């Protein structure tokens, strides 16, 4: 067994400095501004917006670092031993003078101050106690631009902070806004100094949301509606802690995209499996979050014996779905991941949400079905918001810090514990990890880590789906889609310190980053985890090797491109024998309560038809979007549907081959409206061909009167075909051979 | 980018919108970005200019030598002329301080002409006669700095290629104590060492020949008379640092030096001093000239790099410094013309020669320009340690028309003004710094008695205001507010709290501006308040201008 000391880990060095005499340790490359924030030291700024690259032009954030001149903290990286003073009298005096300079040219109150009361220049001026500027006003007017239907431009209020310009270029890639002119005559302009309404501006509103003053404001002709509810004024919203730092202009433009909702005890907020597009923030009260459907797989049982076998679908618990190759712990996930700051214990899938919790982010950001049912426990006030509002909230680092803290407090532990390998972590170590982890956001298509690059972190997925793929000769092989509750990046940290696969965000992804240092510490303290991870790594590498070998041995391109070789088991029909009598389809339907899981069509190769039945694809699109992560891969490439499936049907929609069916069944569930009572309901669960595992033989194979249907292991079968020059082979192996 | 814009302007006389859009497609750049760049540089016209585009330099030396009178004379001569016939504007320093005043007419710069000569020339041009060519100075002064007496065989480069003693070269430069002669004074040997040690194989040598500060014309003189030393200095820097590409960044008003340099660069390629294999060795170095789109701020090293990259010439936040991340993000050694020249002189003449040149134990020679109210304005090669007295009275022939000295600026507007009694100071970086000013680029501007120092301060601050890039708040707004306040003072209007306001403004601009331009704007007025307080008080308290310059309106 290799020792952990052999592990090579690439990490960012830390730098120690003092800020206002308080020592702080931050990663190299951190700006003074961010280092100060980690100490809760707030440095005033106008041009620095946390979702944009710093430019250091307003100079409000200057601090004394003991040099000839002050440093702009938003853009100046920390240096070891730096002694930063953020608020000496001299520094404050300089900031005050800068504000006076800005206010001398500022039309107070500007449009923003007048409508939403959040002009940042005027606010900082008031905080500094500036009643009037000592400097003379601008001698010549700069004018207004009313040409846009959506956005009002008042050049008089512009402070040239470049926030709109960066919003337009860096954030939105529109490149309409830029600076024009030079010196005191400089200003912002659209395209080649056109009126906004005549320029190539698409009215995305990013500039307006970025603007700290009344230079770019909303013309109130556009609104985004969200059902009925209690309308909220901008003032009311901004008085809420979470919205205090969001642009008032943005809120007033989107005032209908966020609604205040009141719930009585017992009232349902959202139901699992429902489609939606909103997230909820609990302002006050408590709510229960739970899964109302029964736990269990859809299985088939023989009801009677005799000539006409009657088969019946039933729900059976997870124990009956265990596979031979998997250990006891392999799929006994103790927690079910849901779209909330908590995960649900498997044994009793219910948890409590409280004020300050945000849930429904996945539904809101990525339009996935609701993962769980939420029911008010007490009188509740919640804010329901659309994606644009949530997006702006999440761009705010303070709000994100709060989400992160919440995550650390509530979900980190259950997420780690739901990974069997990590179940031995002690509470004190998890406590230790809490302060170290970081929440990261990725946009669709963004590469999180790249195969072959140095590894520096381990990730837990909090929101969205990550595609894990490996480059092989002949193309990329998708190892899986990791959704909430999943993790990745551990193998490379254990091995050579080089990423073994590429991970790409499929949609809006948030992942928790655990840096190599902490990961290393964890393995050193818990050698058993290291051992198990290394064992898993070894297995995975072996499998990959086998697969690559197979690819080299069997040059059947069409099959490779169709992913058939990746299949674990195929149902094939020998077309020379098949009479198209459809007995197989009927047998399947009979076996599964009238819903066939088999369609007699598909890819043809030589004299065989590969029938439509789950192929355990190379690129299992079915897994993308499952709100509770119940359709997944375990340790092998096979796809399983776990028993906590909520029946939303997304995987069935996603499967390009129609191989997943939604199976209805009668069930008695708790009456959501009258707690304590049970009612009969028809629920659905996703099913895919399970080879009638509980029968002696798949029903379709059993039913075929012409001995045309066979279940085969594609690797053996096609390898044999190729070896023998595609000579017909007698398939006399037991049908189970493909089922492992 | 700039070549494209210049080509459009040559064809159309200005930059029509549709041409900018066409260029946007061609360069695959957003039109907003092209407009942002084009509108930054006053050279580019975004609207059709008048038939006669006249710009009179109004800064410092020209201001002392009758620029205002010249402009008024032109305006009077063309009173009532239609707008598309002639436009008369002011321009920032055109780099002709030794022959002030200077005037720019349709891309040609004339200087040393009397007002009536200029109006006569303009009348002729208006009537359709061609503008006369500018006479050139063909004198060949003998300069001690030049070890080659005019024609170089690039001995220094040959020797370095044979010995490959790059570390020794750095050591020699360090031992000489040579500091950047463009104004900031960073030790040259250390700068080259930083670039040499910076990781990466792509590095650049940039020569800053953008001298644009009023009174500063010594680099022009050097480039016209000893261009081979500038070029050799750049090649040496390239060999020492491992850079294979040099760019000489020259202000666009320097047509003649540019031609002379280009001729010498061509000769270098012919004799093998430049190219992929210098004098048959494996080392190579290429050198090209980049013509600045114009503006004083382009002389700020990081703003200069931005301009080469085809952007608005706005200084970068530092660190990172160019030595580590310069042109296109690569390590870049950027030095002034005179620094490269003197480095060559030290390396060819030898360290001992250099140390023996100065007076009173100081090493080296310095090129200085003396202009303003002196009999013989010009550029002089003088020993370090010489007194300002000797510079003004011996070299520049004393005060014009038998007048008396009132004050002088040792290095243009950014050094501020010193009173007459301080001419005893030696030309010594430390001594002048101790006196609260700086030797800087050696642009000595002399003011005779009868000048209003508040007016001179306002003129200097106005120059900085005009040349501020506008990137950061303190410089963009502070410079304008300072101009407004000082203008009020020259009209005798001062509020009781003005002095405190101005002190606070100085502090904010000095401490929080991004670059040296903003940090130095207060110098002219701060020095006048310190050394000439009675002149200021006469304006602000008694509404009088002792010199009779202000209160004309």
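Quick notes
- The residues on offer are A:505, A:501, A:511, A:516, and the sole one that is over 29 Å from residue A:405 (Cα atoms) and at pLDDT 75 or above is A:501.
- Exactly one residue out of B:445, B:473, B:461 is modelled with pLDDT of 95 or more, crowded, with 21+ Cβ neighbours inside 10 Å and over 29 Å from residue B:372 (Cα atoms), and it is B:473.
- The listed residue being over 30 Å from residue B:232 (Cβ atoms), part of a loop (DSSP other than H, G, I, E, B) and in contact (Cβ under 8 Å) with a residue 12 or more places away in the chain, out of B:73, B:36, B:144, B:81: B:81
- For the range A:26-45, a tally of residues being free of Cβ contacts under 8 Å to residues at least 24 places away in the same chain, farther than 23 Å from residue A:102 by Cβ and surrounded by 12 or more Cβ atoms within 10 Å (Cβ to Cβ) returns 4.
Table: residues versus (1) surrounded by fewer than 17 Cβ atoms within 10 Å (Cβ to Cβ); (2) under 30 Å from residue A:53 (Cα atoms).
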{"residue": "A:391", "(1), (2)": "yes, yes"}
{"residue": "A:408", "(1), (2)": "no, yes"}
{"residue": "A:417", "(1), (2)": "no, no"}
{"residue": "A:426", "(1), (2)": "yes, no"}
{"residue": "A:435", "(1), (2)": "yes, yes"}
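- So residue B:337, is it closer than 23 Å to residue B:185 by Cα and in contact with a strand residue (DSSP E or B) (Cβ under 8 Å, 6 or more places away or on another chain): yes
- Test set (1) modelled with pLDDT of 80 or more; (2) surrounded by 15 or more Cβ atoms within 10 Å (Cβ to Cβ); (3) outside any loop (DSSP other than H, G, I, E, B) - residue A:548 fails condition number: (1)
- Checked against (1) touching a helix residue (DSSP H, G or I) at 6+ places or on another chain (Cβ under 7 Å); (2) part of a helix (DSSP H, G or I); (3) within 14 Å of chain A (Cβ to nearest Cβ); (4) more than 26 Å from residue B:98 (Cα to Cα), residue B:302 meets all criteria but (1).
- Tally, over the range B:159-181, of residues that are surrounded by 16 or more Cβ atoms within 10 Å (Cβ to Cβ) and either in contact with a helix residue (DSSP H, G or I) (Cβ under 6 Å, 6 or more places away or on another chain) or over 24 Å from residue B:219 (Cα atoms) (or both): 11
- Subset of the range A:131-149 (residues that are touching a helix residue (DSSP H, G or I) at 6+ places or on another chain (Cβ under 6 Å), on the phi < 0 side of the Ramachandran plot and part of a loop (DSSP other than H, G, I, E, B)): A:133, A:134, A:135, A:136, A:137, A:142, A:147, A:148
- Matching entry among A:264, A:260 (being surrounded by fewer than 21 Cβ atoms within 10 Å (Cβ to Cβ), away from chain B (no Cβ under 14 Å) and modelled with pLDDT of 90 or more): A:264
- Of all the listed residues (B:98, B:68), the sole one being without any contact (Cβ under 8 Å) to a residue 12 or more places away in the chain, closer than 23 Å to residue B:371 by Cα and assigned to a helix (DSSP H, G or I) is B:68.
- Leading residue by the ranking (farthest from the chain's Cα centre (by Cα)) among those in the range B:39-59 that are surrounded by 19 or more Cβ atoms within 10 Å (Cβ to Cβ) and within 8 Å of chain A (Cβ to nearest Cβ): B:39
- Among the residues making up the range B:9-22, a single one is assigned to a helix (DSSP H, G or I), closer than 19 Å to residue A:189 by Cβ and under 31 Å from the mean Cα position of the chain (by Cα): B:20.
- Taking the criterion of being assigned to a loop (DSSP other than H, G, I, E, B), farther than 14 Å from residue A:708 by Cα and at pLDDT 70 or above, the only residue of the range A:581-593 that qualifies is A:592.
- Odd one out for residue A:50 among (1) more than 13 Å from chain B (Cβ to nearest Cβ); (2) not in a loop (DSSP other than H, G, I, E, B): (2)
- Check on residue A:399, at pLDDT 75 or above and either within 25 Å of residue A:533 (Cα to Cα) or not in a helix (DSSP H, G or I) (or both): no
- Between A:103, A:124, A:98, the distinction of being within 11 Å of another protein chain (Cβ to nearest Cβ), closer than 30 Å to residue A:30 by Cβ and crowded, with 18+ Cβ neighbours inside 10 Å belongs to A:98 only.
- Here residue B:522 fulfils each of the conditions (1) more than 8 Å from chain A (Cβ to nearest Cβ); (2) surrounded by fewer than 18 Cβ atoms within 10 Å (Cβ to Cβ) apart from (2).
- Elements of type strands (runs of 3 or more DSSP E) contained in the range A:150-207, each with 2 or more residues being facing another protein chain (nearest Cβ under 10 Å) and in contact (Cβ under 8 Å) with a residue 24 or more places away in the chain: A:187-190
- Residue A:61 satisfies every condition listed in (1) within 31 Å of the chain's Cα centre (by Cα); (2) free of Cβ contacts under 8 Å to residues at least 60 places away in the same chain; (3) within 13 Å of chain B (Cβ to nearest Cβ) except (1).
- Residue within the range B:495-505 that is within 11 Å of chain A (Cβ to nearest Cβ), outside any helix (DSSP H, G or I) and at pLDDT below 95 present: yes
- Residue within the range B:405-419 that is outside any strand (DSSP E or B), out of contact with any helix residue (DSSP H, G or I) (no Cβ under 7 Å at 6 or more places or on another chain) and surrounded by fewer than 20 Cβ atoms within 10 Å (Cβ to Cβ) present: no
- Among (1) in a loop (DSSP other than H, G, I, E, B); (2) within 28 Å of residue A:19 (Cβ to Cβ), the one test that residue A:124 misses: (1)
- Annotation: of all residues in the range B:17-34 being out of contact with any helix residue (DSSP H, G or I) (no Cβ under 6 Å at 6 or more places or on another chain) and buried (at least 18 other Cβ atoms within 10 Å of the Cβ), the one that is farthest from the other protein chains (Cβ to nearest Cβ) is B:33.
- The residues on offer are B:454, B:477, B:485, and the sole one that is away from chain A (no Cβ under 14 Å) and at negative phi is B:454.
The values are calculated or read from the model by the stated rules, or taken from the named source; none is laboratory data. Note that the structure is predicted; figures quoted are calculated from it, not measured. FYI the Cβ positions are ideal-geometry reconstructions off the backbone, even for glycines, and counts take in every protein chain you see.
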